[in-house]
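What follows is a single structure, written as structure tokens, with notes after it.
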Amino acid sequence: KRQTARSRLARALQRVSYWCRTHLHDKIAKQHERLVRMLRGHYSYFGITGNGFALSSFHYEVTQVWRKWLNRRTGRGAMPWPRFLRVLKRYTLPPPEVVHSVYQDRRQLRLPTFHRT
């Protein structure tokens, strides 16, 4: 079973965190648009059969990172979870999905057979 290496997962999360930090005061809609592209790109590259746990943990960690940086936008303190859940309800992040099925690829890779006549 193939899984994402921990170092690659950590590196991807660092990039998401760095982007959220540098674009801290952008509009939430713009942040959401970019995070959706990041998640879909990650799913497209790492979304292979058997890697669902790593994909779901990446989705969870990206949600945590986004909340962390949204918390720092104001001097009033942390964003309470109910408010962040309202933000997530409006700006939903795509759920993890397996894009590349190992089993489907095997069926498509069958080589043609040549018959002697």
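Coordinate-derived values only; no laboratory data. Keep in mind that this is a model prediction, so the values were computed, not measured. Counting neighbours? That spans all protein chains shown, and the Cβs are built from the backbone with ideal geometry, glycine included.
Laid out as a table, the results:
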| item | result |
| --- | --- |
| Residue-by-residue Karplus 3J(HN,Hα) for the range 13-27, coefficients 6.51, -1.76, 1.60, Hz, glycine and proline x | 5, 4, 5, 5, 5, 5, 5, 4, 5, 6, 10, 4, 9, 5, 5 |
| Computed magnitude of the charge dipole of the range 1-48 (debye, nearest 20; Cβ of K, R +1, Cβ of D, E -1) | 220 |
| On Cα atoms only, tilt of 52-71 relative to the major axis of the chain in degrees | 20 |
| Dipole of the chain, positive end: most advanced residue of Ile48, Gly75, Tyr103 [Cβ charges, Cα centre] | Gly75 |
| Charge dipole magnitude, Cβ of K and R +1, D and E -1 - the chain, Cα centre, debye nearest 20 | 200 |
| Between 0 and 90°, nearest 10: helix 81-90 axis offset from the chain longest Cα axis | 50 |
| Global size of the chain as Cα Rg and Dmax, reported in angstrom | 19.1, 82 |
| Over the chain, relative contact order from alpha-carbon pairs under 8 Å, at least 6 apart, % | 36 |
